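A.B. asks: Dropping a structure here in structure tokens format, bear with me for questions.
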Amino acid sequence: MTDIAGSATRVADIQAAYLAQARSKRVMNLILIVIFAALLIAGFRTADRRNAGGFWDGLPNILDFPADVIGEAIERAHLLPGYLIKYLPSLIETINIAGASTLLGAMAGLVMSLLVTRGLGPVPWLVGPLRRVLDILRAVPEIVIALVLIFMLGGGPVPAMIAIALHTTGALGKLFSEVNENASLRPVEGLASVGATWTQRMLLGVVPQVAPNYLSYALLRFEINIRASAILGFVGAGGIGYDLRNTMSWGAGKFDEAAAIFLLLFLSIVAVDQMSSILRHRLTHGAKPGEIHR
Amino acid sequence: MSAQALHQQTRRNFNRKRLMSFALPGLVLGYFAYIFMAFDMAGLGVRVNLENARTLVSDAYSYKTHVTQDNRTGAVEIAIEGERKGAYAPGTAPGWVRLGETSEIDLGGGHVVTFGGRVTYDVPGYGLVMAEPGAGGVNASLPDGALPDFISLSKNRLMVKTDAGRLTVTRNRAEVFKYSLGWELFFFTLDSPYHGMSPGALFKAAVNGEAGAIWQGFVGNKMWRHGDVGWALLETVLMAFLGTCGAAIIALPLGFLAARNFTPLGGLRFAARRMFDFLRGVDGLIWTIVLSRAFGPGPLTGSLAILLTDTGSFGKMFSEALENVDARQVEGITATGARPLQRYRFGVIVQITPVLLSQVLYYLESNTRSATIIGAITGGGIGLLLTQAINTQKDWEEVSYYIVLIILMVMLMDSVSGWLRRKLIKGNGGGH
């Protein structure tokens, strides 16, 4: 009997300890949430104070500009098809910037990823330094490289292409090397045993295994790069972003053209998103959906 | 199937494979050829401005000091980068300039320039270049022989450009540039009492109660504006933080609306999903433009632009995560008699928290980069400082300073978000 009584007190002890633990965890969570909320509010107030126009003053005006643009677009709706055709070449240039830079970046990223994967890299001591190189390539915003290159090469699509390609190399190099780590080494060993060179081992042993994942990541990158190339156009690197800035700086009266550009940009982004999402789904059937790395 | 047919089929497959392995590189090559034409790469050689590239690179690691003489009054001014902010007080000079009736400027390596009524430049291995600027022009006299290519001379202008520095003489002015390594006046400007102090002396002064003044001197540096730069970095991080967290907070309830297993109403689900697509499709660039019309330039506009775009991305991802929730856990919680709110709290939220947190933290890092870009468009944060510095086209040392800071900032955010991810997701127990 004493045994049972003893175990009962032990159960009570355990229960008390558990409740105390749960309570302290809850308190910790509460503190974390309070700190987070305080940071958020303080951050919002700081941003509001340092902004040219305040949040509450600007809120009523938020629809003024879209209303102007849509108003002018409707007023001159008959001109819209003409504008869509007029700005189509710029759109194609923007898409070309994204396409070329994604291709270049994917090819450079492929080579880099094979060099920085432990167990695959031909020069083990280069793995660490090359990873840092990829980190730096990823950390530099495209706009930095683009602006510097525009200064040296003049405006146009080439600076944007180089800038986005460099960033893409960094981003895809890392993702590809994560994919490579999951590749089976057996084909590589088999190829090595028949005397294949490193290039042959990689090209015939690794790449066929992981090509679908590569493609899926590259497509995702293409989506991101279209947005990036539109933005870079806005700072002077050609394409539809450049036209957008020009029509915007004319102010009212050209907003119908701005509306056409908005429409083109929106439609192409949505179209590319949809196409790439369908393609990616087909490529990595069974892979976890919705995981987006940028 | 006979062995013959199998053989045939294999051969066909092989041929197709072989064709593919040639066609694919061919396609890529063809595309690049098209890009080469479309982007006018051949014309790039003409457009490249090598002079710009050279100033950019040399300015990034060196600076020049201007020593200028007004030939009419004989007054000599010394200023770093020729800026008022970097001017030496009258009567003071760096060690390599000796002020006097005829000032002597030692450019190093035997190159000596003297100012006065007569300007001379002793170029080692060539001889003495002299000029007596006056009414008739610069009246230069050079050593005998052909004019070397580092000297350009006309009636009213003499320019000597050597590795040590540059001398320009016109009728009104004589000016010497001396190039030095490093970033000039990075810590303190010349008017600060702490300029030129050694780190040891500075530390001693700081211990003796001058730490505040030293900090003020550094932050208030007029040349580099460390205080403003610090604020700009903070604004950029703030944009990323506010935008990402705000988007996550807004997207969570909307994500429930768009998830099939939580919203039986098809119409509502459809509306929520189309809203996410719209927010994402319009893209940060357009949101930035629209918002900056209402709120003006600044960090708030940037935060809201990030918030709107990412509400779309998060909403889509959250709703997908919610659709993948394991229903058994929710049933288990229901079996204990939990109310609906408790069912959500302990059955659903617990399951999706790790996924959500890891995505939000990934975005926090990548949005730091976006915030730099948005800042350059709308005018706020470090992006604005960077575009301004690039547009002036002369302060390339500041451009390189900002670039280094941006890279450090992004890498810091990367490691912070990685650390938080490990910390929070492991601590939560319910994660992967």
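Residues are listed down the side, and each one gets a yes or a no for (1) more than 11 Å from chain B (Cβ to nearest Cβ); (2) touching a helix residue (DSSP H, G or I) at 6+ places or on another chain (Cβ under 7 Å):
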| position | (1), (2) |
| --- | --- |
| A:22 | yes, no |
| A:36 | no, no |
| A:90 | yes, yes |
| A:96 | no, yes |
| A:110 | yes, yes |
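A.B. asks: Within region B:88-109, is there a residue that is more than 24 Å from residue B:190 (Cα to Cα), among the acidic types (Asp, Glu) and part of a loop (DSSP other than H, G, I, E, B)?
C.D. replies: Yes; the residues of region B:88-109 include at least one that is more than 24 Å from residue B:190 (Cα to Cα), among the acidic types (Asp, Glu) and part of a loop (DSSP other than H, G, I, E, B).
A.B. asks: With the condition kept exactly as written, say whether any residue in region B:321-337 is free of Cβ contacts under 8 Å to residues at least 60 places away in the same chain and at the interface with chain A (Cβ under 9 Å from one of its Cβ atoms).
C.D. replies: yes
A.B. asks: Name the pairs: first residue in region B:74-94 and at negative phi, second residue in a helix (DSSP H, G or I), Cβ to Cβ under 7 Å, at least 6 apart or on different chains?
C.D. replies: B:79/B:86; B:80/B:86
A.B. asks: While we're on this one: Given the criteria over 19 Å from residue B:111 (Cβ atoms) and either out of contact with any helix residue (DSSP H, G or I) (no Cβ under 6 Å at 6 or more places or on another chain) or in a loop (DSSP other than H, G, I, E, B) (or both), does residue B:211 qualify?
C.D. replies: yes
A.B. asks: Oh, and also: In region A:164-188, what residues are farther than 16 Å from residue A:133 by Cβ and buried (at least 24 other Cβ atoms within 10 Å of the Cβ)?
C.D. replies: A:164, A:180
A.B. asks: Of the conditions (1) surrounded by 14 or more Cβ atoms within 10 Å (Cβ to Cβ); (2) away from chain A (no Cβ under 14 Å); (3) of a type in the set (Ser, Thr, Tyr), residue B:309 fails just one. Which one is it?
C.D. replies: Tallying (1) surrounded by 14 or more Cβ atoms within 10 Å (Cβ to Cβ); (2) away from chain A (no Cβ under 14 Å); (3) of a type in the set (Ser, Thr, Tyr), residue B:309 fails exactly one: (2).
A.B. asks: So in region A:65-84, with the set limited to residues that are more than 7 Å from chain B (Cβ to nearest Cβ) and within 16 Å of residue A:248 (Cβ to Cβ), which one is most open to solvent (accessible area, probe 1.4 Å)?
C.D. replies: A:70
A.B. asks: Anything in region A:209-226 that is open to solvent by 40 Å² or more (accessible area, probe 1.4 Å) and either touching a residue at least 40 places away in the same chain (Cβ under 8 Å) or within 11 Å of another protein chain (Cβ to nearest Cβ) (or both)? List them, or say none.
C.D. replies: If the condition is that a residue be open to solvent by 40 Å² or more (accessible area, probe 1.4 Å) and either touching a residue at least 40 places away in the same chain (Cβ under 8 Å) or within 11 Å of another protein chain (Cβ to nearest Cβ) (or both), then A:212, A:213, A:215, A:217, A:222 are the ones that fit.
A.B. asks: Only one of (1) open to solvent by less than 40 Å² (accessible area, probe 1.4 Å); (2) within 30 Å of residue A:229 (Cβ to Cβ) fails for residue A:205. Which number is that?
C.D. replies: Status for residue A:205: all satisfied but (2).
A.B. asks: In the list B:393, B:388, B:351, which residue meets the criterion of being at positive phi and of a type outside the set (A, V, I, L, M, F, W, C)?
C.D. replies: One residue alone meets the criteria, B:393.
A.B. asks: Only one residue in B:318, B:278, B:346 is in contact (Cβ under 8 Å) with a residue 12 or more places away in the chain, open to solvent by 20 Å² or more (accessible area, probe 1.4 Å) and facing another protein chain (nearest Cβ under 10 Å), so which one is that?
C.D. replies: B:278
A.B. asks: Considering each residue of region B:57-74, count those that are more than 12 Å from chain A (Cβ to nearest Cβ) and either buried (at least 17 other Cβ atoms within 10 Å of the Cβ) or assigned to a loop (DSSP other than H, G, I, E, B) (or both), and give that number.
C.D. replies: Summing the residues that are more than 12 Å from chain A (Cβ to nearest Cβ) and either buried (at least 17 other Cβ atoms within 10 Å of the Cβ) or assigned to a loop (DSSP other than H, G, I, E, B) (or both) in region B:57-74 gives 11.
A.B. asks: Further question: Quick check on residue B:36: is it open to solvent by 60 Å² or more (accessible area, probe 1.4 Å) and within 11 Å of another protein chain (Cβ to nearest Cβ)?
C.D. replies: Here the answer is yes, as residue B:36 does meet what is asked.
A.B. asks: For residues in region B:39-56 being facing chain A (nearest Cβ under 9 Å) and of a type in the set (S, T, N, Q), which is most open to solvent (accessible area, probe 1.4 Å)?
C.D. replies: My answer is B:49.
A.B. asks: Something else now. Looking at region A:159-199 only, could you name the residues that are without any contact (Cβ under 8 Å) to a residue 24 or more places away in the chain and either over 20 Å from residue A:109 (Cβ atoms) or of a type in the set (Ser, Thr, Tyr) (or both)?
C.D. replies: Within region A:159-199, A:186, A:187, A:189, A:190, A:191, A:192, A:193, A:194, A:195, A:196, A:197, A:199 meet the criteria.
A.B. asks: Going by the structure shown, is residue A:92 modelled with pLDDT of 90 or more and either assigned by TED's automatic domain parsing to the domain that holds residue A:219 or in contact with a Phe, Trp or Tyr (Cβ under 9 Å, 6 or more places away or on another chain) (or both)?
C.D. replies: It is true that residue A:92 is modelled with pLDDT of 90 or more and either assigned by TED's automatic domain parsing to the domain that holds residue A:219 or in contact with a Phe, Trp or Tyr (Cβ under 9 Å, 6 or more places away or on another chain) (or both).
A.B. asks: Also, quick follow-up: Take region A:45-65 and flag every residue that is touching a helix residue (DSSP H, G or I) at 6+ places or on another chain (Cβ under 6 Å) and either more than 22 Å from residue B:239 (Cβ to Cβ) or aromatic (Phe, Trp, Tyr) (or both).
C.D. replies: Within region A:45-65, A:55, A:65 qualify.
A.B. asks: Please count how many residues of region B:118-144 are of a type in the set (Gly, Ala, Ser) and touching a strand residue (DSSP E or B) at 6+ places or on another chain (Cβ under 9 Å).
C.D. replies: 4
A.B. asks: Listed residues B:403, B:382; which is within 11 Å of chain A (Cβ to nearest Cβ), closer than 20 Å to residue A:47 by Cβ, in a helix (DSSP H, G or I) and β-branched (Val, Ile, Thr)?
C.D. replies: Checking each option against the conditions leaves just B:382.
A.B. asks: Is it the case that some residue within region B:350-366 is open to solvent by 40 Å² or more (accessible area, probe 1.4 Å), among the β-branched types (Val, Ile, Thr) and within 11 Å of chain A (Cβ to nearest Cβ)?
C.D. replies: Yes.
A.B. asks: Right, another one. Hey, any hits in region B:45-68 for a residue that's closer than 30 Å to residue B:403 by Cβ, touching a Gly at 6+ places or on another chain (Cβ under 6 Å) and at pLDDT 80 or above?
C.D. replies: Checked against the condition, which is being closer than 30 Å to residue B:403 by Cβ, touching a Gly at 6+ places or on another chain (Cβ under 6 Å) and at pLDDT 80 or above, region B:45-68 yields at least one hit.
A.B. asks: Which pairs have Cβ atoms under 8 Å, sit 6 or more apart or on different chains, and link a residue in region B:148-163 that is in the same structural domain as residue B:71 (by TED's automatic domain parsing) to one that is charged (D, E, K, R) and assigned to a loop (DSSP other than H, G, I, E, B)?
C.D. replies: From region B:148-163, the pairs are B:156/B:171.
A.B. asks: How many residues are surrounded by fewer than 18 Cβ atoms within 10 Å (Cβ to Cβ) and touching a residue at least 24 places away in the same chain (Cβ under 8 Å) when one looks only at region B:394-415?
C.D. replies: 1
The values are calculated or read from the model by the stated rules, or taken from the named source; none is laboratory data. Only a predicted model underlies this, so the values are computations on that prediction, with no experimental measurement involved. Using ideal geometry, Cβ is built from the backbone for each residue, glycine included, and neighbour counts are taken over all protein chains shown. For the accessible areas, the whole protein counts, side chains as well, though only heavy atoms, and no ligand, DNA or RNA atoms are used. Shrake-Rupley method; radii C 1.70, N 1.55, O 1.52, S 1.80 Å.
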